[in-house]
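Read through the structure below, which is laid out as C-alpha cells, and then see the notes.
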Amino acid sequence: MSLGSVMIDLEGTSISEQERKLLSHPQTAGVVLFPRNFQSISQIQGLIKEIRELRDPHLLIAIDHDGEGIESLPVGFTHFPTVRELGIIYENNEFEGSEFTEKAGWLFAAELRSIGIDFSFYPGLDLDHDEDSYDECAFHYDAEFTAVLACSFMKGMSKAGMQAVGKHFPGYGGVSDASSDALPVDNRDMATLNENDLHVFKRVLKKGLPAIVATHILYQSVDSKPAAYSTVWLTLILRDELGFKGVVISDDLSMKAAAVAGSYSQRARLALKAGCDMVLVCNNPAGAAEVLKELEGHTNLDSQDRLKKMYGKSSKDYDALRSGRHWKKASKIIADVHNSAWLEMKHNQYG
C-alpha cells in the first residue's frame with residue numbers, strides 16, 4: 001500500500017476504533033501527534049508501535065506543538081529554551097548562538113527520533129512582528145537573524161536523522177490574527193515580502209529545506225486566494241521561481257480561515273490542485289472522513305516520491321540515546337544555558 005495525501009490526528013492517548021478505520025484508509029498518509037497524546041514515554045512508544053503496525057510501509061508519524069514551542073514537549077524529554085530565547089542568545093554572541101541552536105536542533109530531533117517520530121513541524125520561519133514585541137514561537141524580528149538560526153536548527157535536526165518542516169509559507173510576519181480564528185489578510189506588497197518573510201524562506205530553501213507548511217493567510221496584493229489554496233504561491237512562486245523540490249503540506253483544513261474554500265472536500269481538492277502534496281485535517285474526525293472519501297482514487301506520483309523522503313533515518317532508541325555521551329553533553333549545555341541568570345535577565349528585559 002502506498003502513502004495517501006491526508007494527515008490526521010488522534011484525540012487521546014490510544015487509538016479508537018473509528019480512528020483505526022481512518023488510519024487504515026488508503027488515502028491516509030500519516031498521523032500528527034500533539035502534547036495531548038503523550039502520557040508517558042512507555043505509553044507513547046506503545047502508541048507509535050501500534051500506528052506503525054497498521055500499514056506497510058508504515059504511516060508517517062509527525063508531531064506538532066499546537067501553537068506552543070520546542071519547550072512544550074511532555075515529561076521525559078529535555079526542557080528547551082523557547083526559540084525566541086535562542087534569538088536572544090544569538091544577539092549576544094552570533095557564533096555561540098548559532099552553535100547552541102544547532103545543538104538544540106540535534107537534541108530536539110534525536111529525542112523524538114528515539115521514540116519513533118519521523119518528523120516535527122519545525123522550525124518556525126515566521127518573523128516576530130517588531131522589535132518591541134516578544135513572540136516566543138519566533139526566533140527573531142530580524143529576517144537575517146531568523147534565517148541563520150533556522151538553518152542552524154535544521155542542520156542539527158538533519159544530523160539526528162529528522163527532516164525539517166518550515167512554517168508557515170510565505171510568512172506570518174505581517175498579521176496578528178491567528179488563522180485558527182479568522183482569515184488573516186496581509187496587505188504588504190511583494191517587494192516588502194521579499195525583504196522580510198520571503199528572505200527567510202529563500203535562505204533556508206538554499207540550505208535544502210525538505211518541507212514547508214503553506215498557511216491560510218490571504219496576501220491580497222499577490223493573489224485572491226490564501227496561500228495554501230494558491231497556485232500563484234505554491235506553483236509559480238515556490239516551485240517555479242524559488243525552485244523548491246520538497247514536500248508542501250497545507251496548514252490544518254479545520255482552521256476557520258480554511259473555510260473560505262467551502263466544505264472539507266472542497267478545501268482538500270483546492271489545496272492539492274494548488275500544489276500541496278499532503279493536507280492536514282485535525283480536531284474534526286468527520287471532516288477527516290469526508291476528505292478521505294472525497295480523495296478515493298486520487299494519486300500523484302511526484303507527491304508520493306516526495307513524501308517517502310520524510311521518513312526518519314536510523315536512530316538510537318530512547319534508553320540508548322540518553323545513556324550516550326553525546327546526549328549527556330548536549331543536554332547539560334542546554335540545561336545550563338536555559339537555567340542561566342543571564343538568560344532570565346535578558347528575557348525580563350524583553351518583557
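The values are calculated or read from the model by the stated rules, or taken from the named source; none is laboratory data. Computed from a prediction, not measured in an experiment: that's the story for all the values here. Backbone-built Cβ (ideal geometry, glycine too); neighbour counts: all protein chains shown.
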Revision key, fill the gap. Within region 61-75, the count of residues that are assigned to a loop (DSSP other than H, G, I, E, B) and either at pLDDT below 85 or of a type in the set (Phe, Trp, Tyr) (or both) comes to 8
Check your understanding: Any idea which of ARG203, ARG188 is of a type in the set (Lys, Arg) and within 24 Å of VAL247 (Cβ to Cβ)?
Key -> ARG203
Practice item. State all residues of region 273-298 that are over 14 Å from VAL32 (Cβ atoms), in contact (Cβ under 8 Å) with a residue 24 or more places away in the chain and part of a loop (DSSP other than H, G, I, E, B); if no residue qualifies, say none. Key: GLY275, CYS276, ASP277, LEU295, GLU296, HIS298
Point to revise | Search result, residues across region 154-173 that are under 11 Å from PHE108 (Cα atoms), within 13 Å of the chain's Cα centre (by Cα) and not in a loop (DSSP other than H, G, I, E, B) | key: MET154, MET157
Practice item. With the checklist (1) part of a loop (DSSP other than H, G, I, E, B); (2) modelled with pLDDT of 95 or more in hand, flag the one item LYS49 doesn't pass. Key: (1)
Practice item. Could you tell me whether region 205-221 includes any residue that is assigned to a helix (DSSP H, G or I) and either surrounded by fewer than 24 Cβ atoms within 10 Å (Cβ to Cβ) or touching a Leu at 6+ places or on another chain (Cβ under 7 Å) (or both)? Key: yes
Point to revise | Residue that is farthest from the chain's Cα centre (by Cα), among those in region 246-272 that are touching a residue at least 24 places away in the same chain (Cβ under 8 Å) and in a loop (DSSP other than H, G, I, E, B) | key: SER263
Point to revise | Count of residues meeting criterion [outside any loop (DSSP other than H, G, I, E, B), farther than 14 Å from ASP336 by Cα and not aromatic (Phe, Trp, Tyr)] in region 76-95 | key: 7
**Study point:** Options GLU144, GLU99; residue that is over 19 Å from the mean Cα position of the chain (by Cα), closer than 20 Å to VAL175 by Cα, modelled with pLDDT of 90 or more and part of a helix (DSSP H, G or I)
**Key:** GLU144
